[in-house]
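Have a look at the structure below before the remarks.
The values are calculated or read from the model by the stated rules, or taken from the named source; none is laboratory data. Given the structure is predicted, the values throughout are model-derived calculations rather than measurements. Counting neighbours? That spans all protein chains shown, and the Cβs are built from the backbone with ideal geometry, glycine included.
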């Protein structure tokens, strides 16, 4: 090896050591005990603190502090302060973030089976949703997270997703054609909106709002509460109640953090999470029922297109999804029949 090559190699090794050293210091410091013995954990999401999820994060943090008698203090970060959802997932995998609140659709980039949960109009009621996500299916999906170096702590509700845009009222599926719509980075969502004739554009939420402001995007799709608390009415004035997909957020934890808990602490986290999972749904549904009226007050025109038109338009996709996720689709649909 030449002297120049040796020098470059040595410099590369030194730079890598500095990066790893910095990462180690950061990783060790973010969970460091304070002088009074409190251990600080970091919990992150990309949406607003004002929503049901944001409020429930604060409630969860407060209860954990009280239930552990001040041993564990959870710092909450909202509005993407610690990065996009994929960043926070990777943070949990690396141990730099303790708890991330991430949409089921984003996890589909890590575990393909999660994409079955995003199939449009598969879940059609909150009763069916509870049977799915608070029951055996939800538990199995939480368990799947261990395969990608995550611990599944719980599942909260985001809600039924609806379409907004700045161009026109959507009274039928034909009105969607040509709209440039922000979607999450999820192949089921992207394929569905393309089948509707839209220009589906996957993008993180942090980038999407700016694109909507600048007119680079025409619209987006989210639950009504998310639309309200994230000020979408300021950039879109048409809301179509498509309710095309029921969306949840999974609360994922760093396995390293979970392993650091004693058995009593683990039971406390599980119990508090179970309680908050019920209460978050109650908050979400109350807020969702109030959000549409508030969005109308803010100037949005609300329409109610025929959902069957959307289902019919995506017939070929449903055939493909049946081939990929047939057993899970049947299991989820069966829970709808039982309601």
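For the range 74-89, give me each residue that is farther than 30 Å from residue 327 by Cβ and either surrounded by fewer than 24 Cβ atoms within 10 Å (Cβ to Cβ) or touching a helix residue (DSSP H, G or I) at 6+ places or on another chain (Cβ under 7 Å) (or both).
74, 75, 76, 77, 78, 79, 80, 81, 82, 83, 84, 87
Go through the range 234-320 and tell me which helices (runs of 4 or more DSSP H), entirely inside it, have 1 or more residues that are farther than 30 Å from residue 181 by Cα, touching a residue at least 40 places away in the same chain (Cβ under 8 Å) and in contact with a strand residue (DSSP E or B) (Cβ under 8 Å, 6 or more places away or on another chain).
Of the helices (runs of 4 or more DSSP H) lying wholly inside the range 234-320, those with at least 1 residues that are farther than 30 Å from residue 181 by Cα, touching a residue at least 40 places away in the same chain (Cβ under 8 Å) and in contact with a strand residue (DSSP E or B) (Cβ under 8 Å, 6 or more places away or on another chain) span 255-260, 263-297.
I'd like to know if the range 150-171 contains one or more residues that are in contact with a helix residue (DSSP H, G or I) (Cβ under 8 Å, 6 or more places away or on another chain) and part of a helix (DSSP H, G or I).
No, the range 150-171 contains no residue that is in contact with a helix residue (DSSP H, G or I) (Cβ under 8 Å, 6 or more places away or on another chain) and part of a helix (DSSP H, G or I).
Can you pull out the residues in the range 210-232 that are in contact with a helix residue (DSSP H, G or I) (Cβ under 9 Å, 6 or more places away or on another chain) and surrounded by fewer than 19 Cβ atoms within 10 Å (Cβ to Cβ)?
The answer is 213, 216, 231.
Against the condition touching a helix residue (DSSP H, G or I) at 6+ places or on another chain (Cβ under 9 Å), surrounded by fewer than 19 Cβ atoms within 10 Å (Cβ to Cβ), at pLDDT 95 or above and over 18 Å from residue 86 (Cβ atoms), how does residue 199 come out, does it pass?
It is true that residue 199 is touching a helix residue (DSSP H, G or I) at 6+ places or on another chain (Cβ under 9 Å), surrounded by fewer than 19 Cβ atoms within 10 Å (Cβ to Cβ), at pLDDT 95 or above and over 18 Å from residue 86 (Cβ atoms).
Sort out which residues of the range 103-132 are out of contact with any helix residue (DSSP H, G or I) (no Cβ under 7 Å at 6 or more places or on another chain) and crowded, with 21+ Cβ neighbours inside 10 Å, and write them in order of number.
If the condition is that a residue be out of contact with any helix residue (DSSP H, G or I) (no Cβ under 7 Å at 6 or more places or on another chain) and crowded, with 21+ Cβ neighbours inside 10 Å, then 129 is the only one that fits.
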